[in-house]
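Beneath this line is the structure, given in structure tokens, with notes to follow.
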Amino acid sequence: MNRIMYRIFEGLMFLSVAGLLTVFHLDLSAETILLKTLASLFFVLTGVCGYVRYKDRRFFSCPVLIALLCSMAGDVLLALDQNQGILFVLGVAGFAGAHVLFSIAFCRICAVTKKDFAWTAVVFIVLVLLLFFGDFDFQGLLPVLIGYAAVISFMMVKALSFWRCRQGQKTFSLLIMVGGVLFLLSDLVLLFWMFGVQKQEWVQWANWILYYSAQGCLAGALSAGHSRLTIFE
């Protein structure tokens, strides 16, 4: 039953995203906020299905589910923000908290190695260079974005580390890896949408498609594979 509900909620999420793209194109602000909130609610409900289904995996699924809730809060706050003010900062904090929780969950399955820290440093440096040399107007928010870049760099690298932890849980690991990469890509696109000098509608569309695909993968991972997860030290 939970597997069926999981598929229904994921389907409703992507249906909401399709509606979101449409109302955004039509410049309907209230409807955009509503559909963005609904799409986020559906990826949370997708995660709930996995949390309920596999009781033995809650050491992993609990932080992921809370991360999904933090992401939903971030979505709503960014949707309500009009001028990159306090709502934007709170929204970024929500997503940063989500990435910390995702990272904690990932580390409980796939232990941290020196390579993880090395690759995190590489990704972080690339992101910082983009922030400093890209054509952006940060409106005084550069320190906030640098801190966020550090958090998401580790989360993405830790997600990709599931390549070495995939034995016996390939679908689960693949969803984590794809979700982590798509999340970073969505944030890069969002950077250009929110702070780029020249904004085009397709940039926001790309951000939402990448973002909700990422959340769909991470939430779907809670229902993927067997009831017991293999822990790699």
Every listed condition ((1) closer than 24 Å to Leu222 by Cβ; (2) surrounded by fewer than 19 Cβ atoms within 10 Å (Cβ to Cβ); (3) acidic (Asp, Glu)) holds for Asp75 save (2)
Suppose we filter the range 1-18 for residues that are farther than 14 Å from Gly216 by Cα and either buried (at least 17 other Cβ atoms within 10 Å of the Cβ) or among the polar types (S, T, N, Q) (or both); how many remain?
1
Within the range 81-99, count every residue that is touching a residue at least 24 places away in the same chain (Cβ under 8 Å) and either buried (at least 17 other Cβ atoms within 10 Å of the Cβ) or of a type in the set (D, E, K, R) (or both).
9
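Among the residues of the range 24-34, are any touching a residue at least 40 places away in the same chain (Cβ under 8 Å), of a type in the set (S, T, N, Q) and over 24 Å from Met155 (Cα atoms)? Quick ask: steps written out before the conclusion?
Looking only at the range 24-34, we keep the residues that are touching a residue at least 40 places away in the same chain (Cβ under 8 Å), and these are 24-25, 32-33.
Filter once more, keeping what is of a type in the set (S, T, N, Q): 32.
The next check asks that each one be over 24 Å from Met155 (Cα atoms); those that pass are 32.
Yes - at least one qualifying residue is present in the range 24-34.
What about Gly50, is it open to solvent by less than 20 Å² (accessible area, probe 1.4 Å) and not aliphatic (A, V, I, L, M)? Full working, then the answer.
Working: open to solvent by less than 20 Å² (accessible area, probe 1.4 Å): yes; not aliphatic (A, V, I, L, M): yes.
Judged against the criteria, Gly50 is a match.
Out of the range 165-181, which residues are open to solvent by 50 Å² or more (accessible area, probe 1.4 Å) and in a helix (DSSP H, G or I)?
So the first thing to find is which residues in the range 165-181 are open to solvent by 50 Å² or more (accessible area, probe 1.4 Å), and the list is 166-168, 170-171, 174, 178, 181.
Selection gives Lys170, Thr171, Leu174, Val178, Val181.
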Of the numbered conditions (1) modelled with pLDDT under 95; (2) touching a Pro at 6+ places or on another chain (Cβ under 8 Å), Phe95 satisfies every one except a single condition; which is it?
(2)
Can you pull out the residues in the range 118-164 that are touching a residue at least 12 places away in the same chain (Cβ under 8 Å), open to solvent by 50 Å² or more (accessible area, probe 1.4 Å) and more than 14 Å from Leu191 (Cα to Cα)?
Trp119, Phe124, Leu160, Trp163, Arg164
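Pick from Ile152, Ile209: which is in contact with a His (Cβ under 7 Å, 6 or more places away or on another chain) and at pLDDT 85 or above? Before the answer, list the steps.
Values: Ile209 fails: in contact with a His (Cβ under 7 Å, 6 or more places away or on another chain).
Going through Ile152, Ile209 in turn, the sole match is Ile152.
Could you tell me whether any residue of the range 24-32 is touching a Gly at 6+ places or on another chain (Cβ under 9 Å) and surrounded by 21 or more Cβ atoms within 10 Å (Cβ to Cβ)?
First, the residues of the range 24-32 that are touching a Gly at 6+ places or on another chain (Cβ under 9 Å): 31.
From the residues that got through so far, the ones that are surrounded by 21 or more Cβ atoms within 10 Å (Cβ to Cβ) too are none.
No: the range 24-32 contains no residue that is touching a Gly at 6+ places or on another chain (Cβ under 9 Å) and surrounded by 21 or more Cβ atoms within 10 Å (Cβ to Cβ).
Pick out the one residue from Ala98, Ala73, Ala67, Ala93 that is small (Gly, Ala, Ser), within 30 Å of Ala30 (Cα to Cα) and in contact with a Leu (Cβ under 6 Å, 6 or more places away or on another chain). Spell out the reasoning first.
Values: Ala98 fails: in contact with a Leu (Cβ under 6 Å, 6 or more places away or on another chain); Ala73 fails: in contact with a Leu (Cβ under 6 Å, 6 or more places away or on another chain); Ala93 fails: in contact with a Leu (Cβ under 6 Å, 6 or more places away or on another chain).
Result of the check over Ala98, Ala73, Ala67, Ala93: Ala67.
The values are calculated or read from the model by the stated rules, or taken from the named source; none is laboratory data. All figures in this text were calculated on a predicted structure; none of them were measured in a lab. Backbone-built Cβ (ideal geometry, glycine too); neighbour counts: all protein chains shown. Accessible surface is based on the protein model in full, side chains and every heavy atom, while ligands, DNA and RNA are left aside. Shrake-Rupley method; radii C 1.70, N 1.55, O 1.52, S 1.80 Å.
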